[in-house]
Ligand SMILES: [Zn+2]
């Protein structure tokens, strides 16, 4: 019976995440104990993306200050912003599609290392599950995407509306340059404060209102393991309480605060130094020493 219950995926995830969990827990404990100092704070205004730098060992807090407000976040490695970034596919493969504290955001191939750890979440996730079922959550990834103006035109007939594509690009134009903004034109973002459940058959998600579960003063915190360029878009779906027309979406500002440990930056996840090559470079080099499995034989 025990063998039948053995879950290879779960086992592999536990092993891969284990060394990073302890590091994330240290930062979480310090934050809860108030052993942090505020480095910087600012407000993200509705219908405006925001770009900023987050240094290795810093904590970023996104706080609800007026009403529930969905945010879409992207994290790029500052030293190679068009090569390595927090990847929604790797992060959900090694974690989950909906998430709360304890999930790490892994970078794309070939690096596949934690860039950010989700360390605190004050939202009443129990209330979200009571209201909308066991599968419901407010932080999630919808594989390699975020809302776009094309999608809003298709659904609501509005042309050139504000979307998270527009906001994320605005943020990267602010903190980086046009090359970076154009490269990430289809931003795979990490969403917070968006109540959803992957509860349909075939599997797809349902959107639920942000009120009453998400309250003023709620926040999420994430620890950066690398020097990052961040872009955050306040999603036009806002509090997600009225989605009957694009013009009925209601949005609010969000506070961002950046902290360090009282004693300097927090300990961060070591780079696993993976040796796998970039897939195009590997092909162009005639796939040296490529590892494969078996080829099946006809019985
Ligand atoms: Zn959006």
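The values are calculated or read from the model by the stated rules, or taken from the named source; none is laboratory data. Note that the structure is predicted; figures quoted are calculated from it, not measured. No Cβ is skipped: glycine too gets one built from the backbone with ideal geometry, and neighbour counts run over all protein chains shown.
How many residues, within the stretch 230-258, are surrounded by fewer than 22 Cβ atoms within 10 Å (Cβ to Cβ) and away from the ligand (no atom under 13 Å from the Cβ)? Selection size over the stretch 230-258: 13. Taking the criterion of being loosely packed, with under 13 Cβ neighbours inside 10 Å, touching a strand residue (DSSP E or B) at 6+ places or on another chain (Cβ under 7 Å) and closer than 28 Å to residue 68 by Cβ, the only residue of the stretch 18-38 that qualifies is 38.
If I filter the stretch 259-270 for residues that are more than 23 Å from the chain's Cα centre (by Cα), exposed (fewer than 11 other Cβ atoms within 10 Å of the Cβ), more than 16 Å from the ligand (Cβ to nearest atom) and not in a loop (DSSP other than H, G, I, E, B), do I get at least one hit? Reasoning before the result, please.
First pass over the stretch 259-270, keeping only residues more than 23 Å from the chain's Cα centre (by Cα): 262-264.
Now restrict to residues that are exposed (fewer than 11 other Cβ atoms within 10 Å of the Cβ): 263-264.
Now drop any that are not more than 16 Å from the ligand (Cβ to nearest atom), which leaves 263-264.
From what's left, not in a loop (DSSP other than H, G, I, E, B): 264.
Among the residues of the stretch 259-270, at least one is more than 23 Å from the chain's Cα centre (by Cα), exposed (fewer than 11 other Cβ atoms within 10 Å of the Cβ), more than 16 Å from the ligand (Cβ to nearest atom) and not in a loop (DSSP other than H, G, I, E, B), which makes the answer yes.
Counting only residues that are over 16 Å from residue 95 (Cβ atoms) and touching a helix residue (DSSP H, G or I) at 6+ places or on another chain (Cβ under 9 Å), the stretch 7-42 holds 2 of them.
Name the residues in the stretch 98-134 that are in a strand (DSSP E or B) and either within 16 Å of the ligand (Cβ to nearest atom) or under 26 Å from residue 33 (Cβ atoms) (or both), would you? Within the stretch 98-134, 104, 105, 114, 115, 116, 117, 118, 119, 120, 121 meet the criteria.
Please tell me if residue 66 is at pLDDT 95 or above and either over 25 Å from residue 146 (Cβ atoms) or outside any loop (DSSP other than H, G, I, E, B) (or both). Considered against the rule, which asks whether it is at pLDDT 95 or above and either over 25 Å from residue 146 (Cβ atoms) or outside any loop (DSSP other than H, G, I, E, B) (or both), residue 66 comes out as no.
Considering (1) touching a helix residue (DSSP H, G or I) at 6+ places or on another chain (Cβ under 7 Å); (2) farther than 23 Å from residue 236 by Cβ, the lone condition that residue 115 does not fulfil carries the number (1). Here residue 221 does not fit the description of being in contact with a strand residue (DSSP E or B) (Cβ under 7 Å, 6 or more places away or on another chain), more than 17 Å from residue 47 (Cβ to Cβ) and modelled with pLDDT under 95.
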